[in-house]
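> First, the structure itself, so that you have it in front of you.
Derivation of every value follows stated rules applied to the coordinates shown; laboratory data play no part. None of the values given here were measured: they were computed from a predicted structure. Virtual Cβ from ideal backbone geometry, glycine too; neighbours counted across all protein chains shown.
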Amino acid sequence: MVCFLALVQVHILHIAFEKLGLSPEMTLLLLFGSLVGSMVNIPLFSLRSRKPIQYIELPLWGRIWQFPLPFREGRTVIAVNLGGCIIPVGLCIYFLAMGLVDPVKLIVALFLITVLCYMIAKPVPGLGIGMPLFLAPLSSVIIALLLGSSSAAHLAYTSGVLGVLLGADMLHLKDIKQLGAPIASIGGAGTFDGIFMTGVVAALLA
């Protein structure tokens, strides 16, 4: 069952990258790089943070009393994930350099996706910033189609990836200080998640 699900996922990813006009060799390289790169987090800097409120429970006089523990100062390491952030962003830069994305339409789509992601992304204590997984890719596809782009898949992929990066991740860095997460990995499976899959789903649906 696990092997079957893995094959299905690889097939879906292959279809998505094929719609972006990538060769089978480049698709295989991206899949391998994303898989291996998902285990690599590159630290950038750290922020002073505060641990979330914790309570200790004590039974007294027939009741359970909760006493808050004092805040403890800590640090949160901000990192970028190789497979979930650097590779998708690099692919966006490649599309722009090849002229596959209209810069004007990208600015419009990117602004809308960034605002949407900023509004729906919410701090999750002890974890980081969370947001619904499919809202960003669906929105990027709709916006790309409404803008009438001849390369809707490329526009949806690029605006989706960069919109999540800016709106959900970069603009919410200030909230990380209050969450007490030991590491915030942009594009990783921990604190920040969804950049890679946002791009894949957007390209698949466009």
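> Can you run phi through the Karplus equation (6.51, -1.76, 1.60; θ = phi - 60°) for the range 137-147 and list ³J(HN,Hα) in whole Hz, with x for Gly and Pro?
With the stated coefficients, the range 137-147 comes to x, 5, 5, 5, 5, 4, 5, 4, 5, 5, 6 Hz.
> Under a crude label model (7 Å from the Cα following the beta-carbon direction), how far is I15 from R75 in nanometres?
Result for the modelled spin labels: 4.6 nm.
> Now, a different point. For R75, enumerate residues with amide H under 5 Å from its amide H, sequence gap 5+ or separate chain, H modeled in the peptide plane.
Residues meeting the criterion, in which the H sits 1.01 Å from N, are S49.
> Starting with the fewest neighbours, write out K174, K19 ranked by other beta-carbon atoms found within 10 Å of each beta-carbon. If you can, show how the numbers build up before the last one.
Numbers: K174 9, K19 17.
Ranking K174, K19 by Cβ neighbours within 10 Å, fewest first, gives K174, K19.
> Using the count of nearby Cβ atoms within 10 Å as a rough guide to exposure, how do R48, R75 rank from fewest to most? Mind showing how you got there, number by number?
Details: R48 9, R75 13.
Fewest to most other Cβ atoms nearby, the residues stand as R48, R75.
> Cβ neighbours within 10 Å, averaged per peptide: list 27-35, 77-85 in order, most packed at the top. Numbers along the way, then the final one.
Values: 27-35: 15.8, 77-85: 22.8.
Result, highest mean Cβ count within 10 Å first: 77-85, 27-35.
> Can you tell me which of 86-95, 114-123, 151-160, 137-146 comes out highest on packing, and rank the rest after it, using the mean Cβ neighbours within 10 Å?
Values: 86-95: 19.1, 114-123: 17.6, 151-160: 28.9, 137-146: 21.8.
Sorting 86-95, 114-123, 151-160, 137-146 by mean packing, highest first, produces 151-160, 137-146, 86-95, 114-123.
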